[in-house]
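Undergrad: Can you read through this structure? Questions will come right after.
The values are calculated or read from the model by the stated rules, or taken from the named source; none is laboratory data. Because the structure is a prediction, the values reported are computed rather than measured. Positions of Cβ are generated from backbone atoms using ideal geometry, with glycine treated the same way; all protein chains shown enter the neighbour counts. To get the accessible areas, we keep the full protein, side chains included, count just its heavy atoms, and leave off ligands, DNA and RNA. Shrake-Rupley method; radii C 1.70, N 1.55, O 1.52, S 1.80 Å.
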Amino acid sequence: MNVEDLVEIEQIKRLKYRYVRCLDQKRWDEIEKCFVQNAVASYGGGAWAFEGRDAILDFLRTSMGSEKFLSGHRVGQPEIDITGPDSATAIWALSDTVAQLEFGVDIRGGAFYEDTYIKVDGEWKIKSTGYKRTYEEMEPRSADITLTASLFETDGRSSLGG
């Protein structure tokens, strides 16, 4: 590994971090730019699989688009390999939490993403992405929980003051 490889790895990290940030902030136009046109995705161990950027984005918008679907995705522990001048692979640990307010449930889970990337016009893009769960759990959302901030209802401002 050389310094140039480390720079490429850092660019790939930033791409993946942008992907999960855009998921949680529902920035669909920005997340679209993370993928190549013919990207593929397989979420939940293949429970939801899609071919093409448009199909992936349609699924994300439909399944996560509600402002009552509040999510927090965290990825880390990247194992990134540069496989060629314009290609790379990675495994990422995922931890995610969802407050699904419309259905009154909270969902938590862990998984490992397996991704491939290609460099297009000097910029890394996701060619394929997908994860298999190590676990996933769901529970009824307690009536005792008070939502004190939401990016979509309070512009992220906490009602706790301070």
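Undergrad: Which sequence of 64, 1, 138 reflects their accessible areas, 1.4 Å probe, from the largest down?
TA: Output order, biggest surface exposure first: 1, 138, 64.
Undergrad: Heavy-atom accessible area of residue 112 with all protein chains present, probe 1.4 Å, nearest 10 Å²?
TA: My reading of the accessible area for residue 112 is about 90 Å².
Undergrad: For residue 125, give me every one of the lysines with a C-alpha distance below 20 angstrom, ignoring sequence neighbours fewer than eight places off in its own chain.
TA: 13, 16, 26, 33
Undergrad: A further question follows. For the chain, set up a Gaussian network in which alpha carbons nearer than 10 Å are linked by springs, and say which option among 71, 142, 128 fluctuates the most.
TA: 142
Undergrad: Of 159, 126, 101, whose Cα points farthest to the positive end of the dipole of the chain (charges on the beta-carbon: +1 Lys, Arg; -1 Asp, Glu; origin at the Cα centre)?
TA: 159
Undergrad: Please determine, in degrees from 0 to 90 and to the nearest 10, the orientation of helix 3-25 with respect to the longest principal axis defined by the Cα atoms of the chain, where the helix direction is its Cα long axis.
TA: Computed tilt is about 30 degrees.
Undergrad: Sticking with this structure for a sec: Pop the C-beta distance of residue 5 and residue 112 into the FRET formula with R0 = 22 Å and round what comes out to the nearest 0.05.
TA: 0.45
Undergrad: So if R0 is 25 Å, what FRET efficiency would residue 73 and residue 144 give, r being the distance between their Cβ atoms, rounded to the nearest 0.05?
TA: Once the sixth-power term is evaluated, E becomes 0.45.
Undergrad: Using a 1.4 Å probe, how large is the accessible area of residue 152, given in Å² and rounded to the nearest 10?
TA: Roll a 1.4 Å probe over it and residue 152 shows about 50 Å².
Undergrad: Divide by every residue of the chain the summed helix terms, -39500 (n - 2.57) for each DSSP H run of at least 4, and state the resulting mean residue ellipticity at 222 nm, rounded to the nearest 500 deg cm²/dmol.
TA: -8000 deg cm²/dmol
Undergrad: I would also like to ask the following. Given +1 on the Cβ of Lys and Arg, -1 on the Cβ of Asp and Glu, and no further charges, what dipole in debye does the chain carry about its Cα centre, rounded to the nearest 20?
TA: 180
Undergrad: Further, regarding this structure: Under a crude label model (7 Å from the Cα following the beta-carbon direction), how far is residue 66 from residue 91 in nanometres?
TA: That separation, rounded to one decimal, is 3.5 nm.
Undergrad: Just by accessible area at a 1.4 angstrom probe, what is the order of 102, 32 from largest to smallest?
TA: The ranking, largest first, comes out as 102, 32.
Undergrad: Only Cα pairs under 8 Å and at least 6 apart count here; give the relative contact order of the chain as a rounded whole percent.
TA: That works out to 20 percent.
Undergrad: I've got another one for you. Show 27, 14, 108, 157 ordered by accessible area, largest first, where the area counts protein heavy atoms only and the probe is 1.4 Å.
TA: Descending accessible area places them as 157, 14, 27, 108.
Undergrad: Keeping all protein chains in place, calculate the accessible area per residue for the chain (probe 1.4 angstrom), answer in Å².
TA: With all protein chains present, the chain gives 58 Å² per residue.
Undergrad: Please give the Cα centre distance for the stretch 95-139 versus the stretch 26-47, rounded to the nearest Å.
TA: 10
Undergrad: If one takes the longest principal axis of the Cα atoms in the chain, at what angle in degrees, from 0 to 90 and to the nearest 10, does the Cα axis of helix 53-64 lie?
TA: The angle comes out at about 20 degrees.
Undergrad: I want the local charge near residue 109. Using Cβ-Cβ distances under 14 Å, sum +1 for each Lys or Arg and -1 for each Asp or Glu among the other residues.
TA: Around residue 109, the charge tally is -1.
Undergrad: Assuming 0.36 nm per residue, please report the length gained on full extension of the stretch residue 103 to residue 55 beyond their Cα-Cα distance.
TA: The span from residue 103 to residue 55 would gain 14.8 nm if fully extended.
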